[in-house]
1. If a residue must be surrounded by 12 or more Cβ atoms within 10 Å (Cβ to Cβ) and of a type outside the set (Val, Ile, Thr), how many such residues does the range 135-154 contain?
2. Which one is surrounded by the most Cβ atoms within 10 Å (Cβ to Cβ), of the residues in the range 81-98 that are part of a helix (DSSP H, G or I) and in contact (Cβ under 8 Å) with a residue 12 or more places away in the chain?
3. Restricting to the range 99-114, and then to whatever is crowded, with 18+ Cβ neighbours inside 10 Å and either touching a strand residue (DSSP E or B) at 6+ places or on another chain (Cβ under 6 Å) or free of Cβ contacts under 8 Å to residues at least 40 places away in the same chain (or both), can you tell me which residue is nearest to Ala32 (Cα to Cα)?
4. It is to be established whether one or more residues within the range 155-176 are on the phi < 0 side of the Ramachandran plot, free of Cβ contacts under 8 Å to residues at least 24 places away in the same chain and among the acidic types (Asp, Glu).
5. Every residue in the range 150-207 that is closer than 30 Å to Arg52 by Cβ and touching a Gly at 6+ places or on another chain (Cβ under 7 Å), please.
6. Out of the residues in the range 155-195 meeting the condition of being within 22 Å of Phe25 (Cα to Cα) and of a type in the set (Asp, Glu), tell me which one is surrounded by the most Cβ atoms within 10 Å (Cβ to Cβ).
Amino acid sequence: MTTRQVINRQPKVHTQLGRAAVQNFAARIFLADDRINQILIEHLDPAAWSTRPPTAKPPGKNPGKNNARTIAAIFTHMHNVRCKWVRLTAPHLKIPTQLNRAHCTPQQASAGLAESAARCAEMLAEALGGGGGRVERFRRDGWARPWPVGPEMLCYMLSHEAHHRGQVCMLVHQLGFPLPTEVASGIWNWEKLWKECGFAGGPGYDS
């Protein structure tokens with residue numbers, strides 16, 4: 001039996017199990033995810049925030065889409081993409097103001113990310129937790145085909161966050177501002193992240 005045949009045999013069972021779990025935890029998972037962003041910003045050396053990456057093109061030479069982002073630009077991009085998800089998927093929610101990568105400070109990024117995380121959590125709760133059908137499709141971009149809401153929506157959002165967070169962690173080392181060991185390991189302590197977000201019980205506990 002091929003992998004495709006195995007996947008196609010019981011799609012409804014897998015989908016229902018996934019939806020049941022995500023309905024209870026999607027919003028909290030995304031807020032815990034954002035807590036990792038907040039921890040990174042809190043512990044970044046200020047000198048690393050706007051320092052050009054080693055692979056960046058010299059100023060004024062062939063600027064364009066392929067130019068490497070600074071850490072400031074990465075975090076503002078993450079926030080602005082969240083704003084786009086909310087605007088396209090749940091326009092009835094309050095859409096956060098976008099950030100300007102050229103002028104954004106760590107404090108502004110932290111505040112903006114907290115707000116956009118809260119809106120994304122509301123969007124996920126409505127989409128996956130019985131929100132009366134107001135969020136029926138996930139629209140991740142104007143060019144992209146909308147998806148029916150489901151666990152895939154949360155997975156996509158978390159993948160985007162993790163991808164860019166990995167870039168930040170790599171950049172701080174390349175720039176000579178490595179994160180303290182307790183921070184690099186602490187972002188994997190989801191029991192602590194859960195408590196810092198005010199959630200009782202810990203991951204996996206419905207309380």
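No lab work stands behind these numbers, since they all come straight from the coordinates. Remember, predicted model here, so these are calculated numbers, not experimental data. Positions of Cβ are backbone-derived with ideal geometry, glycine not excepted, and every protein chain shown enters the neighbour counts.
1. Count: 12.
2. Once the filter is applied, the top-ranked residue is Arg82.
3. This residue is Gly112.
4. no
5. Those that are closer than 30 Å to Arg52 by Cβ and touching a Gly at 6+ places or on another chain (Cβ under 7 Å): none in the range 150-207.
6. Within the range 155-195, the match that is surrounded by the most Cβ atoms within 10 Å (Cβ to Cβ) is Glu161.
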